1. Could you check the stretch 39-48 and list, in sequence order, the residues that are farther than 18 Å from residue 403 by Cβ and either in contact with a strand residue (DSSP E or B) (Cβ under 6 Å, 6 or more places away or on another chain) or surrounded by 17 or more Cβ atoms within 10 Å (Cβ to Cβ) (or both)?
2. Is there a residue being over 22 Å from the mean Cα position of the chain (by Cα) and part of a loop (DSSP other than H, G, I, E, B) anywhere in the stretch 53-66?
3. Here's a check for you: in the stretch 381-407, which residue that is more than 15 Å from residue 351 (Cα to Cα) and out of contact with any strand residue (DSSP E or B) (no Cβ under 9 Å at 6 or more places or on another chain) is surrounded by the most Cβ atoms within 10 Å (Cβ to Cβ)?
4. Within the stretch 348-358, identify whether any single residue is within 16 Å of the ligand (Cβ to nearest atom), closer than 30 Å to residue 285 by Cα and modelled with pLDDT of 95 or more, and answer yes or no.
5. Tell me which strands (runs of 3 or more DSSP E) are completely within the stretch 94-152 and hold 1 or more residues being away from the ligand (no atom under 16 Å from the Cβ) and modelled with pLDDT of 95 or more, or say none if there are none.
6. Picking from 306, 298, 314, which residue would you name as being crowded, with 24+ Cβ neighbours inside 10 Å and closer than 23 Å to residue 190 by Cα?
7. Which of the residues belonging to the stretch 10-19 are within 27 Å of the chain's Cα centre (by Cα) and not in a loop (DSSP other than H, G, I, E, B)?
8. Could you run through the stretch 357-380 and say how many residues are farther than 14 Å from residue 25 by Cα and surrounded by 20 or more Cβ atoms within 10 Å (Cβ to Cβ)?
Ligand SMILES: [Zn+2]
């Protein structure tokens with residue numbers, strides 16, 4: 001017998017920008033099989049009645065670090081062993097799911113921790129969202145994430161793979177894919193949190209990225225580039241990247257290149273916002289605060305330009321960076337609205353658009369899509385802030401199974 005459930009929705013946000021009133025959704029096994037004003041279901045089909053609520057696709061976060069703690073002290077991470085790191089990741093996955101996030105893309109975690117966490121969630125050992133995992137990101141010696149920048153020599157790269165030639169990039173990508181990575185992450189520029197690297201300086205060369213991207217494509221996997229300065233962003237696009245993460249300095253030419261090649265932007269506004277907000281008073285290293293402040297103004301301009309020109313934007317938080325906490329993912333929608341999006345545009349970025357870059361048949365309430373759904377008190381299409389309050393998230397369903405209930 002097929003497991004089925006009928007959901008009644010007072011307001012239905014479908015993930016593509018449309019709102020419908022008084023709809024019914026039939027879920028069978030892990031899939032949505034019918035949506036309409038009145039759908040045919042067996043007499044004994046259990047009903048979840050959200051006639052007084054909004055039903056919409058579960059939130060999708062296209063960029064976070066599930067094992068990172070949000071601690072201002074990056075060195076803390078270097079003192080965490082593998083089992084402890086995995087447990088930290090599991091507790092974050094639970095918080096993420098409880099906040100209505102049904103799928104995430106992990107953009108880098110040490111060793112196999114995110115891959116193993118994904119396995120544990122899929123096997124029902126731990127609660128959590130659907131995970132798309134990039135394994136350990138590729139970066140150059142002395143580049144983003146290299147602890148050699150000002151730290152003792154005996155501290156190794158953690159959560160990154162140092163590569164210094166196209167051959168090394170190819171090999172690292174092949175190995176990450178062999179470990180089970182769903183996508184390959186690479187650092188095209190320096191970063192805000194890394195000591196000794198400026199975020200405008202390029203990281204991996206175009207040739208290095210091209211080699212890794214070729215290997216990902218060969219296995220039908222996507223690629224993402226940590227890219228803040230213009231030169232690195234362009235290198236990544238020319239090399240064939242699928243998404244630009246952060247994208248602080250986008251100029252007209254970069255925008256054209258992104259549109260031509262159908263490249264996504266995952267802005268992660270919360271990462272910069274939280275660092276600037278906390279400042280050195282709360283323990284964020286001065287070099288990071290300085291870089292975040294310089295980057296923020298350019299970032300907001302670039303976001304507005306990308307939005308105006310129609311670049312595909314997917315929601316990503318970079319949760320795990322300082323004070324950017326797991327479970328507060330929906331704050332990114334508020335920041336995207338503050339930066340110029342209409343609430344519904346922010347919702348589309350967090351549902352169907354994000355599903356596209358994660359390669360998931362999710363993010364929409366339509367026949368044939370995964371039954372990853374949430375029921376919300378309030379109307380997020382009027383004010384996205386309602387998604388940020390835990391008590392408003394009444395139900396979270398992943399693959400047809402109710403995982404969280406707050407009725
Ligand atoms: Zn990140």
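1. Taking the stretch 39-48 and keeping what is farther than 18 Å from residue 403 by Cβ, we get 39-45, 47.
Hits for the stretch 39-48 are 39, 41, 45, 47.
2. Quick first cut of the stretch 53-66, residues over 22 Å from the mean Cα position of the chain (by Cα) only: 53-54.
Now narrow it down to the ones that are part of a loop (DSSP other than H, G, I, E, B): none.
Taking every residue of the stretch 53-66 in turn, none turns out to be over 22 Å from the mean Cα position of the chain (by Cα) and part of a loop (DSSP other than H, G, I, E, B).
3. Ranking the candidates gives 388 first.
4. Residues of the stretch 348-358 within 16 Å of the ligand (Cβ to nearest atom): 354, 357-358.
Still in the list and also closer than 30 Å to residue 285 by Cα: none.
The answer is no, given that none of the residues of the stretch 348-358 is within 16 Å of the ligand (Cβ to nearest atom), closer than 30 Å to residue 285 by Cα and modelled with pLDDT of 95 or more.
5. Values: elements: 101-106, 130-133, 137-139.
Filter on the stretch 94-152 gives 101-106, 130-133.
6. Working: 306 fails: crowded, with 24+ Cβ neighbours inside 10 Å; 298 fails: crowded, with 24+ Cβ neighbours inside 10 Å.
Going through 306, 298, 314 in turn, the sole match is 314.
7. Initial filter on the stretch 10-19 (within 27 Å of the chain's Cα centre (by Cα)): 11-19.
Within the stretch 10-19, 11, 12, 13, 19 qualify.
8. Kept after step one, since they are farther than 14 Å from residue 25 by Cα, are these residues of the stretch 357-380: 357-363, 376-380.
From what's left, surrounded by 20 or more Cβ atoms within 10 Å (Cβ to Cβ): 357-358, 362-363, 376, 380.
Here the count works out to 6.
The values are calculated or read from the model by the stated rules, or taken from the named source; none is laboratory data. Please read all numbers here as calculations on a predicted model, not as lab measurements. FYI the Cβ positions are ideal-geometry reconstructions off the backbone, even for glycines, and counts take in every protein chain you see.
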